[in-house]
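The values are calculated or read from the model by the stated rules, or taken from the named source; none is laboratory data. Every value quoted in this text rests on a predicted model; they were computed, and no experiment measured them. Cβ placement follows ideal geometry from the backbone for every residue including glycine, while neighbour counts extend to all protein chains displayed. These accessible areas exclude ligands, DNA and RNA; they are computed on the full protein's heavy atoms, side chains included. Shrake-Rupley method; radii C 1.70, N 1.55, O 1.52, S 1.80 Å.
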Amino acid sequence: MRVFVRLVLARPIFPRSVFAPLAWLLKRLMRIRTFAFVASAALLCLAATGTPGEDFAQRYREYAVAAHHPLASRAGAEILAAGGNAADAAAATMLALGVSTPSSSGLGGGGFALYYRARDRSLTFLDFRERAPGKATPTMFRDAKSDTDGPISSASQIGGLASGVPGEPAGIEDLVRRFGKLPLSKVVEPAARMAEQGVPVSEPIAKVSAAFAAQMKKDATMRKWFAGNANALTPGQLLRQPELAKTIRVLGARGASAIYRGAIAREIVRKSRQRGGILSLRDLARYRLVERRPLSAEHFGHRWVTAPPPSAGGYTLLQSLAILERVPPHQRRRGVALLHALAESWKGPYLDRERYFGDPDHVSLPETKMMAAPRLEARAAIVHPTLAMPPEAYDLPLPVKQRPAKQPDNAGTSHFCVMDAAGNVASVTTTINLPFGARYTAAGMVMNDEMDDFARDVGVANAFGLVGGAPNLPGPDKRPVSTMTPTIVFKGNTPVLCIGAAGGSRIVTATQQVAMNLLLHRMNAKEAVRAPRIHHQAHPNKLRTEEVAPLDNKLVAQLKARGHVHEPLHHAANVQLIHRTRRRGQKPLSAACDPRKGGLPAGN
Ligand code: DON
């Protein structure tokens, strides 16, 4: 466990001196068993990519890409420069992220894309999240064996059982074929080239690999990444992925069906089975991307458009904003009042997530009742001006009976944004879940461990401490509940902000705070993304403050005095954004990549 703490402390974005007291606290915490999930989650966003400098925010006149790896932003910008639009660039960036940061996302995973097409002002939400295999059952993880050779070890987190059917190939194809201007074969080129020629391993990825080396080396492809007998990837070494390059080119030439059927599909099934999994050719052939209606609401003079279920992120964002709007203005004044109100506003929606959320195609979700105005008023009325309420105070059970999951009819994450010169916007979050996913590969693709986003059992917390309810138990073809919150915010008819984050359960709280910093508190992109953030997810009843961006001690003391139980947050989410502004003499697009992860934007 100690190694995790060192990893986290290895890349502060603020002066190292602030860590002395926190390091002491962490050492104490390491003796507590329940700290395990926090510590493991701390690894999730550490697959960072470079030394944070001051370039993480840049302005552009025509188009911009903000991704958590500089080479991924550049891949998107290359496609835009070659005549592609935001959809083409999003696909290229997604693929390049998988190559440059195989610990966080890739073709073996899945995600959500929110796409705004300027021509007809349409908004489309593509759900290409992983789906459970047809043989999945609610009890499949109850007695499943762990792989204790590494820090993240349960059967839902490593090995064959951990993987759902990847959705990213379908997502990439759909974005390009429906909305793009370029042929898929051209869009895949930057990533294929990067996989072939190699990408230098960053120091943080090298460190994460050290924690997982024993598990990673069980996979023949990942084993080749390690030089000789090395027990970690070496910073600066060129990571070449020839098998992945081949798979990317197959996708470019023949489309996603060449991954869901034929030789690559057979390879996925073979590798999954070899590692104790239950994926079948049929599961792959039957995978379908789903187009969903994004959630949308007006708050604080803007229209917020965001992720619908199976994400709980969009719901949490909109409900929190609705509650904030309903508390008296002095109770949300910047400073301790706002921090208090934010923490209180998240407790109710996180409880709803535990109780009601599941795949909307399998479980009925009482969305209208959950968001009904009287319920929002009731929750806002519970917010005490100066006292932290226990999360249960916000639990407003609904008189609903959820339809049970249907039976089959026979049957690491990264967020990035693209804005192009025509005004199209892509807000995309993509994931393989925990670092290096399930830690095995198929046809060069790191396979996801998204099954950990299901409830392993009712009341059991996942790697992010999120407690699962019955609607989110695994089941055939089900998608697990997510926190991913790709969002676009409009002022009138203009999309002024593309934003989202990686970071497990902290995705939505981080996204919301940075968006509010920009839109309501008039910070510039650099200030907004760098500002310290807090997090509360109802359970555990802790108000967390980031260790990489410590909140002012006085504010922490004030929050404690209000009854908040304070705990340091070892795992910071990372936010990528593009903000469109109209300031005389300034280029309109302000793109920022969170210095917590070291990305750089690109554009023109
Ligand atoms: O869908 C989700 O909510 C998670 N699989 C996201 C995981 C994540 O953000 C890991 N991050 N750094």
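Of the residues PRO190, PRO102, PRO138, PRO151, only one is touching a strand residue (DSSP E or B) at 6+ places or on another chain (Cβ under 7 Å) and farther than 20 Å from LEU289 by Cα; which?
Sole residue among the options that is touching a strand residue (DSSP E or B) at 6+ places or on another chain (Cβ under 7 Å) and farther than 20 Å from LEU289 by Cα: PRO102.
Filter segment 190-208 down to residues that are over 11 Å from ARG240 (Cβ atoms) and in contact with a Lys or Arg (Cβ under 9 Å, 6 or more places away or on another chain), then give me how many there are.
The number of residues fulfilling the criteria is 5.
If I ask for residues that are among the hydrophobic types (A, V, I, L, M, F, W, C) and away from the ligand (no atom under 16 Å from the Cβ), which ones from segment 118-140 would you list?
Answer for segment 118-140, where residues must be among the hydrophobic types (A, V, I, L, M, F, W, C) and away from the ligand (no atom under 16 Å from the Cβ): ALA118, LEU123, ALA136, MET140.
Could you go through segment 422-430 and let me know if any residue there is near the ligand (Cβ under 9 Å from one of its atoms), at pLDDT below 95 and either of a type in the set (Ser, Thr, Tyr) or surrounded by 24 or more Cβ atoms within 10 Å (Cβ to Cβ) (or both).
no
Just to be sure I understand, how many residues within segment 64-83 are charged (D, E, K, R) and in contact with a Ser or Thr (Cβ under 8 Å, 6 or more places away or on another chain)?
So the answer is 0.
Filter segment 296-308 for residues that are surrounded by 22 or more Cβ atoms within 10 Å (Cβ to Cβ) and either closer than 19 Å to VAL383 by Cα or of a type in the set (A, V, I, L, M, F, W, C) (or both) and give the result.
Across segment 296-308, the qualifying residues are TRP304, VAL305, ALA307.
Which ones in segment 432-457 are touching a Gly at 6+ places or on another chain (Cβ under 6 Å) and more than 14 Å from the ligand (Cβ to nearest atom)?
Within segment 432-457, just MET445 meets the criteria.
Pull up segment 42-76, narrow it to residues that are in a helix (DSSP H, G or I) and open to solvent by less than 10 Å² (accessible area, probe 1.4 Å), then point me to the one that is modelled with the lowest pLDDT.
Ranking the candidates gives ALA42 first.
Taking helices (runs of 4 or more DSSP H) that fall entirely within segment 188-248, which contain at least 3 residues that are open to solvent by less than 70 Å² (accessible area, probe 1.4 Å) and within 24 Å of GLY160 (Cβ to Cβ)?
Output list reads 203-216, 220-225.
Which residues, taken from segment 571-597, are surrounded by fewer than 24 Cβ atoms within 10 Å (Cβ to Cβ) and either within 15 Å of the ligand (Cβ to nearest atom) or not β-branched (Val, Ile, Thr) (or both)?
Passing the criteria: ARG580, ARG582, ARG583, ARG584, GLY585, GLN586, LYS587, PRO588.
Please pick out the residue among ARG275, ARG266 that is under 18 Å from PRO102 (Cβ atoms) and surrounded by fewer than 23 Cβ atoms within 10 Å (Cβ to Cβ).
So the residue among ARG275, ARG266 that is under 18 Å from PRO102 (Cβ atoms) and surrounded by fewer than 23 Cβ atoms within 10 Å (Cβ to Cβ) is ARG275.
In segment 476-525, what residues are among the small types (Gly, Ala, Ser), more than 11 Å from the ligand (Cβ to nearest atom) and open to solvent by less than 20 Å² (accessible area, probe 1.4 Å)?
Matches in segment 476-525: ALA515, ALA525.
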